[in-house]
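The values are calculated or read from the model by the stated rules, or taken from the named source; none is laboratory data. All values derive from a computational prediction rather than experimental measurement. No Cβ is skipped: glycine too gets one built from the backbone with ideal geometry, and neighbour counts run over all protein chains shown.
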Amino acid sequence: MKIILDTQKFTVVIERLAHQLIENHGNFKETVVIGIQPRGIFLANRLVPYLEKITKSKIQFGVLDITFYRDDFNTSNELHIPNDTNIDFSIENKKVILVDDVLYTGRTIRSAMDAILDFGRPQKIELVTLVDRRFSRQLPIQADYVGVTVDSMISQKIKVKWQEQVGKDEVILLNKEI
């Protein structure tokens, strides 16, 4: 096990991501933020209040479930239970910022983009991720805003711990049991 981000660095990374978003989106008048269920909403729930505090603007924020958009949806016999989707605003001609915790193969983001298009046609889609596992991509997708880049092997796993779930903010690199 290796700690990639401890609690202190975790907070600094989130604030840095927020400031990068502000640099590119100003007051967010034409921009919406959408957290991808289930874990992207934790990062989005940290970013949005911070962005609103700094910009003194109300940001349109939603959550998106991609369960039925996944390309592996029908490949297992397990029951898929979707999470909530709550996008109660128009994304038509808006800049959409998708938020997820870890960018790994790119398949989750591809599914999220498919799902977003059912809500309208955005002007642009950008991606914010806390962790980018850049050498594991299966699709040509990359994040516009990255908290930390981790070069890891397929035999390793990134675990993001959230204060809201386990009482501690931390990103760790684990070796999978073989």
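The single condition from (1) of a type in the set (D, E, K, R); (2) at pLDDT 95 or above; (3) within 22 Å of ARG16 (Cβ to Cβ) that GLU92 fails is (3).
Between ILE154, ILE158, ILE141, ILE172, the distinction of being out of contact with any strand residue (DSSP E or B) (no Cβ under 8 Å at 6 or more places or on another chain) and either of a type in the set (A, V, I, L, M) or surrounded by 14 or more Cβ atoms within 10 Å (Cβ to Cβ) (or both) belongs to ILE154 only.
Assessment of region 75-87 against the conditions (touching a helix residue (DSSP H, G or I) at 6+ places or on another chain (Cβ under 9 Å) and modelled with pLDDT of 95 or more) yields at least one matching residue.
Evaluated against (1) assigned to a helix (DSSP H, G or I); (2) among the small types (Gly, Ala, Ser); (3) free of Cβ contacts under 8 Å to residues at least 40 places away in the same chain, ALA44 falls short on exactly one condition, (3).
Among the numbered conditions (1) buried (at least 16 other Cβ atoms within 10 Å of the Cβ); (2) aliphatic (A, V, I, L, M); (3) modelled with pLDDT under 95, the only one that LEU43 does not meet is (3).
Scanning region 120-170 for residues that are among the acidic types (Asp, Glu) and part of a strand (DSSP E or B), which turns out farthest from ARG39 (Cα to Cα)? The residue in question is GLU126.
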